[in-house]
Amino acid sequence: MSYPEQVYSGNSGEVNANFRPASTAPNVGTAGRDAIHYLVTTATTRGEFGLYRVEMSAKAGGPKTHFHKSISESFFILDGTVRLFNGAEWIDGQKGDFLHVPQGGLHAFRNDSDAPAEMLLLFTPGAPREEYFEGLSQLADATDEERAEFFVRHDSYFVE
């Protein structure tokens, strides 16, 4: 294993960090309920990764079992209890717990508890997940064909 190819070729470094205060409003949804915060997008990281903070209200549920062909997905529980499916069994993820799912790995997550939960989602390499998160709310009126095309376009293959 070796370090990746160099991206930066300068000799003195540069000021290019991005700070996002915790008080920043979510990009999707309502803070303190069901919300997604775009901490850093694939556009910002030049395709390296995307990192999102997800707030889930009590009994929020979650997506059914699925897998991705081109991206891995990792979950880090910040607060509450998030039920994580690792492809074989459901696990009650608690604050500090972590689950990494490589490409092709079956997984799901949900909040079935009576309390809110919060987690970080990491996708690598980066993908335009913002379009996915924003498009989910528009699927209610979509045809089966439109829904299927949306999921394939966003590398989400559901098995249930």
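The values are calculated or read from the model by the stated rules, or taken from the named source; none is laboratory data. What you see is a predicted model, and the numbers here were worked out from it, not measured in a lab. Virtual Cβ from ideal backbone geometry, glycine too; neighbours counted across all protein chains shown. Note: accessible area is taken over every heavy atom of the protein model, side chains too, but ligands, DNA and RNA are not part of it. Shrake-Rupley method; radii C 1.70, N 1.55, O 1.52, S 1.80 Å.
Looking at the range 131-151, which of the residues that are over 22 Å from the mean Cα position of the chain (by Cα) and open to solvent by less than 90 Å² (accessible area, probe 1.4 Å) is nearest to residue 51 (Cα to Cα)?
Filtering first and then ranking leaves 142.
When you scan the range 29-40, how many residues do you find that are modelled with pLDDT under 95 and out of contact with any Ser or Thr (no Cβ under 7 Å at 6 or more places or on another chain)?
Summing the residues that are modelled with pLDDT under 95 and out of contact with any Ser or Thr (no Cβ under 7 Å at 6 or more places or on another chain) in the range 29-40 gives 4.
Please enumerate the residues belonging to the range 23-43 that are touching a residue at least 24 places away in the same chain (Cβ under 8 Å) and surrounded by 15 or more Cβ atoms within 10 Å (Cβ to Cβ).
The answer is 26, 27, 28, 29, 34, 36, 38, 39, 41, 42.
Please verify whether residue 2 is hydroxyl-bearing (Ser, Thr, Tyr), surrounded by 10 or more Cβ atoms within 10 Å (Cβ to Cβ) and on the phi < 0 side of the Ramachandran plot, treating the condition exactly as stated.
No: the conditions fail for residue 2.
Being assigned to a strand (DSSP E or B) and open to solvent by 40 Å² or more (accessible area, probe 1.4 Å) is the filter; apply it to the range 80-117 and report the residue that is nearest to residue 54 (Cα to Cα).
110
For the range 53-72, which residues satisfy the criterion of being in a strand (DSSP E or B) and touching a Phe, Trp or Tyr at 6+ places or on another chain (Cβ under 6 Å)?
Hits for the range 53-72 are 66, 67.
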